[in-house]
Every structure is written in structure tokens, then in C-alpha cells.
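Peer 1: A single structure is presented below for examination.
Just so it is clear, none of the values below were taken in a lab; they were calculated from the coordinates. Just so we're clear, the structure is a prediction, and the values are computed from it rather than from any experiment. Backbone-built Cβ (ideal geometry, glycine too); neighbour counts: all protein chains shown.
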Amino acid sequence: MRILAVDPGEVNLGIAISDPTGNIATPKTVIHHSSRTADAERIAALAEETGCSTIVVGLALPADGGETETSRRARNLAAEIRRRSGLPVVLWDEAGSTQAARAAAIEMGVPRKKRAGHLDANAAAVILQSYLDTKK
């Protein structure tokens, strides 16, 4: 039961995938944003290639629980992925995922130049691990 996660961004989309048992999240890749349709198609293809049964999309919500442009884009991307893949798509709170990924990279001593390119996939792994931890 592999699960794929997406950290949607305006420039890049981070992708992470779980191990076959659905316990451990690992950063997979970064997709450069082109359009919602093209992004959803690539994500659906990745999910199929890797045998994923569910897709988790990070959703940034403000503290007041309202809707923002970022959260609307995430919801629209999730709907497009659902249409393209036919898989269940779960919106998951991504609060603090980028900061957690950055802090982990700093703690591991990863140089600044190397952190920049992988932060999106690492943030997706943080989102996915949060999701997996609640499903245990």
C-alpha cells in the first residue's frame, strides 16, 4: 500500500512516496510547475508507475481556517489529480512542512546550496510522514 504525497508550490511541486508497508515516507522528486493539468497528469503517472493506492496533497490553511489563494490552488490540483488518476486524493494540513524540512537539513549539516533543490521533496516527505503517523 504505497502512498504518494505532493507539496504543491507556485514554482515546484515536491513529491514523496511511502515504502510498500505505508510506514515510512521518502522524498522522491521535484516537478517543475507548468500547468495544473500537466502537473496532475505527471503526478497521476508517477502514482501509477510506483503502484500507489492513495495520493496526499498538502493544504496550507491560515490559522483562522479560512481559504487563501494557495489553499484554493491545492484544492483545484487535488481535484484534477483525482480526475486524472481515479485514485483517492486526500487533502492534508501542510503547516510547517517546509520549515521542518529546512530544519532537518540544517541539523544534518547539508550545505545551503544543496538544500535549495531538494527542499520541496523533503517537505512532501514531512507531509506524508505526518499522514502516515496518524493512520497507524
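Peer 1: Say each of residue 75 and residue 29 gets a label point 7 Å from the Cα, pointing the same way as Cα to Cβ; how far apart are those two points in nm?
Peer 2: Each label point is offset 7 Å from its Cα along the Cβ direction, giving 3.0 nm.
Peer 1: If you don't mind, another one. Just to confirm a number: summing +1 for Lys and Arg and -1 for Asp and Glu over residues other than residue 27 whose beta-carbon lies under 11 angstrom from that of residue 27, what do you get?
Peer 2: Residues near residue 27 contribute -1 overall.
Peer 1: When a footprinting reagent is the concern and you count Cβ atoms within 10 Å, what order do 69, 80, 48 take, fewest first?
Peer 2: If I rank by nearby Cβ atoms, fewest first, I get 69, 48, 80.
Peer 1: So, one more: Cut-off is 10 Å between beta-carbons; in what order do 93, 64, 7, 39 appear when sorted fewest neighbours first?
Peer 2: Result, fewest neighbours first: 64, 93, 39, 7.
Peer 1: Continuing with the same structure: Note the direction-averaged projected area, equal to a quarter of the hull surface, for the Cα convex hull of the stretch 1-72, in nm².
Peer 2: The orientation-averaged projected area of the Cα hull of the stretch 1-72 comes to 5.2 nm².
Peer 1: Amide H neighbours of residue 57 under 5 Å, counting only residues 5+ apart in sequence or on other chains, H built in-plane at 1.01 Å?
Peer 2: 6, 90, 91, 92
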